[in-house]
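Asks: Starting off with a structure, shown below.
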Amino acid sequence: MISRKSVARTVLAAAMLGALPHLADAQMSHQHASEAACEETVLRCASKVTPAFAPDGTLWLAWRAGGQISVASSKDQGKSFSAPVQVTRDRLNLDWGPDARPKLAIDAKGDIALAFSIFRDQAFNGQVLTTRSTDGGHSFDPPKPITANNESQRFEAIGFDPAGAVFAVWLDKRNRVPAQQRGEKYDGAGLFFASSKDGGATYSDARMAADNTCECCRLALAFDGAGHPVVAFRNIFDGGVRDHAIVTFTDLARSGELHRVSRDDWQIAACPHHGPSLTISPAGTYHVTWYTNGKARKGLFYARSRDGGKTFSDPLPIGELNRSPSRPQVIAGPQGLVMAWKEFDGQKTSINLMTSHDDGATWSKPTVVADTTDSSDHPLLVTDHRQTYLSWMTKADGYHFQAIEGEP
Amino acid sequence: MKRRFLAVLIVLATLPSALAAGEGAPKPFERGSWQKLLHAHAGHPTLVHFWGVTCGPCKVELPQLGRFMKDHPGIDVVTISADLVPNLPQATRSMLDSAGLASAENWIFGDGFAERLRFEIDPAWQGDIPRTMLIARDGTITTIEGSAEIADLNKWSDTQAAAIR
């Protein structure tokens with residue numbers, strides 16, 4: 001039986017804490033059992049690793065380790081890496097949310113745009129910072145806010161469009177205070193976007209694509225065949241239903257109509273910390289994977305749209321429900337579609353994978369391609385347009401970068 | 001009360017755990033903690049609340065829960081911060097303090113392998129917070145996903161009070 005209140009305990013514990021402040025501090029820091037294997041800034045100590053291929057086939061990684069963001073590149077598909085370059089210098093409070101990670105994109109010239117979020121105050125208000133490298137990743141500009149607005153921002157996504165402009169999209173709480181001043185309730189966050197014509201040195205004024213979207217899930221960004229940004233995200237539909245939506249932008253400055261990906265009917269006032277994945281195949285088909293715990297369905301799902309995101313196929317369930325399937329990723333690679341997700345059996349986390357060679361109409365049986373017995377990052381998929389790879393950071397076994405079998 | 005005081009002294013004799021058990025300081029929630037928690041509260045109506053310092057809906061709900069605890073001394077109130085955050089204990093503690101939950105039984109995820117911790121609690125839970133589990137005297141668990149309605153908590157509390165009569 002646990003005692004709820006004990007004056008004796010309060011007084012004694014307070015006395016001990018007062019007498020031994022440094023010991024108390026040591027205990028505090030030890031209470032945090034890290035997701036990372038070590039505390040340095042090297043890749044081995046990373047808790048989040050994001051891969052991206054440059055148009056010339058160079059693999060770039062951006063990671064969060066030792067409280068800093070660093071990058072390195074590989075010319076041999078991840079077998080060896082260049083010396084890491086630290087992007088951040090200051091001791092920043094990096095966003096450590098389950099769906100937060102540094103993002104990077106590389107253009108045809110080899111210039112790198114990079115973005116990440118920090119918590120900028122004690123109330124955990126977020127801020128999206130961006131930087132760029134114009135010397136092939138040897139150095140980065142000092143990171144600066146993506147927008148002058150000072151309300152909370154998180155969950156940025158960035159990418160180069162085919163014309164070489166950077167498109168950025170993020171979740172932004174700037175409409176919260178005005179709504180509250182009008183005496184209105186404000187749910188979630190706005191989906192805001194901006195673009196940069198100078199490789200990420202400066203961004204256009206922020207615009208809003210949708211308001212009252214779910215505030216705590218990552219966004220999925222892809223470009224359609226015409227180079228229009230397409231963003232999939234967890235929205236808040238009427239009645240507090242946190243189902244997925246998708247928007248195809250008309251151009252870098254104009255948002256498009258919002259369409260619903262699925263009617264899962266997940267009515268919840270909570271942070272699912274679990275955003276969607278989106279890829280667009282050469283046929284122009286949108287492929288989306290997501291997690292829901294709705295009344296209509298629960299678990300991981302996949303659906304595709306062949307009309308530019310207006311309507312989607314019936315959701316296809318993914319993974320074994322009794323193994324806590326999570327973090328579904330999908331990518332259109334040179335040999336077809338690849339989907340990867342996590343499952344957990346009570347002891348180990350495995351990465352399950354399946355492929356489709358008919359644009360998502362049918363899928364192979366899932367196979368386990370990797371596993372680990374401690375914490376791990378989301379499984380991510382990346383392609384250099386010759387081969388698709390799994391990128392997966394694990395605490396116990398380090399960083400995995402492996403070619404998906406069945407591909408050349 | 002005497003036994004309780006003795007227990008306090010024993011706890012204080014082992015320094016690191018004593019500091020962790022300081023009033024309001026969250027205890028590390030580790031592998032096996034869930035079963036220990038269930039065992040420790042067996043036979044007592046217990047409200048277990050999962051939350052995190054960056055979760056918007058949690059910030060709204062936490063003070064309501066603080067009032068609920070004050071109004072319902074017969075319910076064991078347990079909070080578990082399910083965020084994995086560097087330097088989190090201080091932030092967690094200050095948020096619990098201002099919500100009036102300093103004297104609740106407070107825990108914080110203390111294992112980086114959060115998937116395993118969640119699996120021990122509920123294999124179907126993917127980490128969405130807030131989340132509240134109402135554990136009745138007979139061990140029956142009712143899970144509320146997302147923000148709980150205080151009216152529902154009051155109703156559950158009333159049924160628990162009625163169960164002893």
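The values are calculated or read from the model by the stated rules, or taken from the named source; none is laboratory data. Remember, predicted model here, so these are calculated numbers, not experimental data. Here Cβ is always computed from backbone atoms with ideal geometry, including for glycine, and neighbour counts include all displayed protein chains.
Asks: Given A:D99, A:D121, which one is among the charged types (D, E, K, R), within 14 Å of another protein chain (Cβ to nearest Cβ), more than 27 Å from A:G398 (Cβ to Cβ) and in a loop (DSSP other than H, G, I, E, B)?
Replies: Numbers: A:D99 fails: more than 27 Å from A:G398 (Cβ to Cβ).
Just a single option satisfies the conditions, and that option is A:D121.
Asks: Considering only residues of region A:238-270 that are away from chain B (no Cβ under 14 Å) and basic (K, R), which is nearest to A:S326 (Cα to Cα)?
Replies: It comes out as A:R263.
Asks: Let me ask something additional. Out of region B:25-80, which residues are surrounded by 21 or more Cβ atoms within 10 Å (Cβ to Cβ) and hydroxyl-bearing (S, T, Y)?
Replies: Listed by number, the residues that qualify are B:T46, B:T54, B:T79.
Asks: Still on this model: Can A:S281 be described as touching a residue at least 24 places away in the same chain (Cβ under 8 Å) and either surrounded by fewer than 21 Cβ atoms within 10 Å (Cβ to Cβ) or farther than 23 Å from A:W266 by Cα (or both)? It would help to see each step written out before you state the result.
Replies: Working: touching a residue at least 24 places away in the same chain (Cβ under 8 Å): yes; either surrounded by fewer than 21 Cβ atoms within 10 Å (Cβ to Cβ) or farther than 23 Å from A:W266 by Cα (or both): yes.
Judged against the criteria, A:S281 is a match.
Asks: Mind listing whichever residues of region B:114-138 are modelled with pLDDT of 95 or more and small (G, A, S)?
Replies: B:A136
Asks: For the list (1) away from chain B (no Cβ under 11 Å); (2) touching an Asp or Glu at 6+ places or on another chain (Cβ under 6 Å); (3) over 21 Å from A:D161 (Cα atoms), I need the number of the one condition that A:H273 fails.
Replies: Condition (1) is where A:H273 drops out.
Asks: Quick test of your reading of the structure: B:H49 fulfils all but one of (1) in contact (Cβ under 8 Å) with a residue 12 or more places away in the chain; (2) within 9 Å of chain A (Cβ to nearest Cβ); (3) not polar (S, T, N, Q). Name the failing condition by number.
Replies: Evaluating B:H49 over (1) in contact (Cβ under 8 Å) with a residue 12 or more places away in the chain; (2) within 9 Å of chain A (Cβ to nearest Cβ); (3) not polar (S, T, N, Q) leaves (2) as the failure.
Asks: Restricting the search to region B:144-165, which residues are in a loop (DSSP other than H, G, I, E, B) and within 9 Å of chain A (Cβ to nearest Cβ)?
Replies: In the first step, residues of region B:144-165 are kept if they are in a loop (DSSP other than H, G, I, E, B); the result is B:146-149, B:165.
B:G146, B:S147, listed by residue number.
Asks: Filtering region A:165-195 down to residues that are more than 13 Å from chain B (Cβ to nearest Cβ) and of a type in the set (K, R), which residue is surrounded by the fewest Cβ atoms within 10 Å (Cβ to Cβ)?
Replies: A:R182
Asks: What pairs can you find where one residue is in region A:332-352 and within 12 Å of chain B (Cβ to nearest Cβ), the other is of a type in the set (D, E) and in a strand (DSSP E or B), and their Cβ atoms are less than 8 Å apart, with a gap of 6+ or different chains?
Replies: Short answer, once both residue conditions are applied: A:K348/A:D371; A:T349/A:E343; A:T349/A:D371; A:S350/A:E343; A:S350/A:D371.
Asks: Is it true that some residue in region A:345-363 is touching a helix residue (DSSP H, G or I) at 6+ places or on another chain (Cβ under 6 Å) and either surrounded by fewer than 19 Cβ atoms within 10 Å (Cβ to Cβ) or of a type in the set (G, A, S) (or both)?
Replies: The answer is yes; a qualifying residue exists.
Asks: Quick test of your reading of the structure: A:R242 fulfils all but one of (1) at pLDDT 95 or above; (2) over 19 Å from A:P315 (Cβ atoms). Name the failing condition by number.
Replies: (2)
Asks: Hey, among the residues in region A:323-351 that are outside any strand (DSSP E or B) and closer than 17 Å to A:H273 by Cα, which one's modelled with the highest pLDDT?
Replies: A:P325
Asks: Let me ask something else about it. Restricting the search to region B:134-143, which residues are in a strand (DSSP E or B) and surrounded by fewer than 19 Cβ atoms within 10 Å (Cβ to Cβ)? Spell out the reasoning first.
Replies: Quick first cut of region B:134-143, residues in a strand (DSSP E or B) only: B:134-135, B:141-143.
B:I141, B:T142, B:T143, listed by residue number.
Asks: Also, quick follow-up: Can you name the condition, by its number, that A:S324 falls short on among (1) of a type in the set (S, T, N, Q); (2) surrounded by fewer than 23 Cβ atoms within 10 Å (Cβ to Cβ); (3) on the phi > 0 side of the Ramachandran plot?
Replies: (2)
Asks: Which pairs turn up if I take residues in region B:52-75 that are hydroxyl-bearing (S, T, Y) and look for partners that are buried (at least 21 other Cβ atoms within 10 Å of the Cβ) and not in a helix (DSSP H, G or I) with beta carbon separation below 7 Å, at least 6 apart in sequence or on another chain?
Replies: From region B:52-75, the pairs are B:T54/A:G97; B:T54/A:F124; B:T54/B:D83.
Asks: Can you tell me which of (1) buried (at least 21 other Cβ atoms within 10 Å of the Cβ); (2) at the interface with chain A (Cβ under 8 Å from one of its Cβ atoms) is the one B:Q90 doesn't meet?
Replies: Of (1) buried (at least 21 other Cβ atoms within 10 Å of the Cβ); (2) at the interface with chain A (Cβ under 8 Å from one of its Cβ atoms), only one is false for B:Q90: (1).
Asks: Here's a follow-up. Residue pairs, Cβ under 6 Å, 6 or more apart or interchain, first in region A:371-385 and free of Cβ contacts under 8 Å to residues at least 40 places away in the same chain and within 13 Å of chain B (Cβ to nearest Cβ), second in a strand (DSSP E or B) and small (G, A, S). List them.
Replies: A:D371/A:S350
Rundown of residues vs (1) under 13 Å from B:T132 (Cβ atoms); (2) out of contact with any Lys or Arg (no Cβ under 9 Å at 6 or more places or on another chain); (3) not in a helix (DSSP H, G or I), yes/no style:
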residue: B:K59; (1), (2), (3): no, yes, no
residue: B:L62; (1), (2), (3): yes, yes, no
residue: B:G66; (1), (2), (3): no, yes, no
residue: B:G74; (1), (2), (3): no, yes, yes
residue: B:V78; (1), (2), (3): yes, yes, yes
residue: B:D83; (1), (2), (3): no, yes, yes
residue: B:Q90; (1), (2), (3): no, yes, no
residue: B:S94; (1), (2), (3): no, yes, no
residue: B:D97; (1), (2), (3): no, yes, no
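Asks: A further question follows. Tally the residues that are of a type in the set (D, E, K, R) and surrounded by fewer than 24 Cβ atoms within 10 Å (Cβ to Cβ), restricting the search to region A:209-250.
Replies: Of the residues in that region, 4 qualify.
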